[in-house]
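Comments concern the structure below.
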Amino acid sequence: VQLQACGGGVVQAGESLRLSCMVSGSTFNAGGAAWYRVAPGKTREVVAAINSGGNTLYADSVKGRFTISRDDTKNTVYLLMNSLKPEDTAVYYCYIRVHGTDYWGTGTQVTVSS
């Protein structure tokens, strides 16, 4: 199983980005997915999560700005990030859990300038 994240970049504060995580080698329609991030000098934190039923959870710092979604027909998880702030600068990683096994994707860098 491989997860490939993309969509990161350098943006100005207030702008938007959409991250995508494409899963290959397995279908994950019965599993959960999430986005994590690692900011410079900080530990990994969960940003948003979504279960197989479409229920979502968000870190307080991104509530109202970020939206996680999934398209099981495309084996892809998305993270729409609006109103980006400099403190959102981090490497973002996607994660899925399928049949009790955890899988991590490659990171994608998001840099927000003020």
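The values are calculated or read from the model by the stated rules, or taken from the named source; none is laboratory data. It should be emphasised that the depicted structure is a prediction, and the values quoted were computed from it without experimental measurement. Don't worry about glycine lacking a Cβ; one is built from the backbone with ideal geometry, like all the others, and counts go over all protein chains shown. Ligands, DNA and RNA are stripped out before the accessible areas are found, and what is left, the full protein with its side chains, is counted by its heavy atoms. Shrake-Rupley method; radii C 1.70, N 1.55, O 1.52, S 1.80 Å.
Excluding the sites themselves, what is the longest stretch of the chain that contains no trypsin sites (Lys or Arg not before Pro) in a DSSP loop with at most 13 other C-beta atoms within 10 Å?
Numbers: sites that count: LYS42, ARG44, LYS63, LYS74.
Longest gap between qualifying sites, sites excluded: 1-41.
Per residue, the chain exposes 52 Å² of solvent-accessible protein surface, assessed with a 1.4 angstrom probe and all protein chains in place.
Note on THR101 and ALA30: their simple-model spin labels are 1.3 nm apart, each label 7 Å out from Cα toward Cβ. Placing MET22, MET81 in order of accessible area, with the largest value first and a 1.4 Å probe, yields MET22, MET81. Heavy-atom surface analysis with a 1.4 Å probe gives the chain a carbon and sulfur content of 49 percent of its accessible area. Simple point charges give the picture: +1 on the Cβ of Lys and Arg, -1 on the Cβ of Asp and Glu, and for the stretch 4-114 a dipole about the Cα centre of about 20 debye. Applying a 4.7 Å Cβ-Cβ cutoff to the chain leaves CYS6 as cysteine residues with no disulfide-compatible partner.
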